[in-house]
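These notes concern the structure reproduced below.
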Amino acid sequence: MSSKITVYGAAWCGDTRRTRALLDALGVPYDYVDIDEDPAAEEWITRQNNGKRLTPTVDLGGALLFEPTDEEMEQALRGRGVL
């Protein structure tokens, strides 16, 4: 894998659960940070999203995706050489 992947999200967020399920189904390893349990991570994603708390925010080795659809996620993974 060429990129470290981190998913910043929340347990209650359906989009976060969907993104994590997709990565799990594709066998793509990633780190998960629950922003409800990590105030610094919540602050960081809010800064990245122009003051909005968007979940999930996915960091693909420096390339950020905000609330990606499954198609956007797969395309980004292919573009980074992960798939």
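Every number in this text was worked out from the coordinates using simple rules, so none of it is lab data. If you're wondering where the values come from, they're calculated on a predicted model, not measured in any experiment.
Per-structure values
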read-out	value
Bridge type composition, the chain - antiparallel percent by DSSP, nearest 5	65 percent
Top of 29, 39, 68 by mean-square fluctuation, Gaussian network on the chain, Cα under 10 Å	39
Relative frequency of Cα-Cα separations exceeding 18 Å in region 5-79, percent	30 percent
